[in-house]
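Undergrad: Supplied in structure tokens, the structure appears directly below.
The values are calculated or read from the model by the stated rules, or taken from the named source; none is laboratory data. Model, not experiment: these values are computed from the prediction. Virtual Cβ from ideal backbone geometry, glycine too; neighbours counted across all protein chains shown. Heads up: the accessible areas ignore ligands, DNA and RNA and are worked out on the full protein's heavy atoms, side chains in. Shrake-Rupley method; radii C 1.70, N 1.55, O 1.52, S 1.80 Å.
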Amino acid sequence: MARTPDFAKARLMIYAAHDEDPTKHTLPDGSQTPYETHYSTQMESYLSKRCPEASEVLRLAVCGQHFRRWEVPRDSYPKTKVGYLTWRTHLKRRAGTEVARILDECNYGTEDFTRCQALIEKEGLKQGEEQVQVLEDVACLVFLDDQFEEFKEKHDEAKIVHILKKTWGKMSKEGHDLALGIPMTEECKALVGKALAE
């Protein structure tokens with residue numbers, strides 16, 4: 001008998017892990033929520049705008065992109081560019097493997113959980129794989145909307161403009177269109193404008 005995939009159960013299992021994140025995010029009303037729970041919620045929100053017809057597998061990959069990321073802090077790797085890239089690669093592979101395991105447990109077939117793992121690891125991004133590009137767009141949009149304001153306070157202008165240019169370069173036209181509609185402070189708008197002008 002064929003197994004029936006259980007999307008709701010898989011999503012709940014991913015969020016149950018997010019809810020264990022000890023790092024807290026303060027919401028506009030002053031309440032706090034685990035950061036990864038907040039991040040995943042933002043990812044889902046932008047996915048609904050970028051690709052409302054997204055498959056269950058892509059939706060779960062978006063939910064699980066940062067799966068249990070707090071367990072592997074940045075300072076567990078050397079504070080070098082190579083150390084950073086190694087850390088990022090490890091995080092993607094770890095998240096992909098663990099979320100794929102959840103899909104397997106929730107009755108998804110081998111093709112589906114293998115695909116979810118590949119999406120989280122962003123396989124095929126440079127080759128223009130459409131669903132991977134959607135996930136990349138969503139991650140960039142969440143950065144610009146939810147993380148950029150804090151990021152700019154920690155870095156000098158040259159670094160900020162460089163990161164903005166890289167972020168813009170990773171996105172599709174559809175991602176760009178959504179990014180241009182994100183509400184920003186005048187300072188943030190000016191930095192984005194400078195990055196795009198260069």
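Undergrad: What lysines could a cross-link reach from residue 154, if we take a straight Cα to Cα line under 23 Å and drop same-chain neighbours fewer than 8 places away?
TA: 24, 79, 81, 165, 166, 170, 189, 194
Undergrad: Right, something else. Efficiency by 1/(1 + (r/R0)^6): what FRET value for residue 157 and residue 126, r their Cβ-Cβ distance, R0 = 35 Å, to the nearest 0.05?
TA: Efficiency at R0 = 35 Å is approximately 0.75.
Undergrad: Let me ask something else about it. Rolling a 1.4 angstrom probe over the protein heavy atoms, how many square angstrom per residue are accessible across region 1-121?
TA: For region 1-121, the per-residue accessible area is 54 Å².
Undergrad: Further question on the same structure: If you project the alpha carbons of region 1-121 onto their three principal axes, what span does each projection cover, largest first, in Å?
TA: Taking the Cα atoms of region 1-121, the three principal extents are 50, 39, 26 Å.
Undergrad: Enumerate the residues in region 54-84 having an amide nitrogen under 14 Å from the point lying 7 Å beyond the Cα of residue 107 toward its Cβ.
TA: none
Undergrad: A further question follows. Percent relative contact order of the chain, based on C-alpha pairs within less than 8 angstrom and at least six residues apart?
TA: Rounded, it is 20 percent for the chain.
Undergrad: Compare the Cα positions of 148, 89, 52 along the charge dipole of the chain (+1 at Cβ of Lys, Arg; -1 at Cβ of Asp, Glu; about the Cα centre) and return the one farthest towards the positive end.
TA: 89
Undergrad: Return a whole-number percent for the relative contact order of region 62-147, with Cα pairs under 8 Å and 6 or more residues apart as the contact set.
TA: 25 percent
Undergrad: If you bin every alpha carbon distance in region 138-197 into 10 Å steps from zero, what whole percent lands in each bin?
TA: 23, 65, 12
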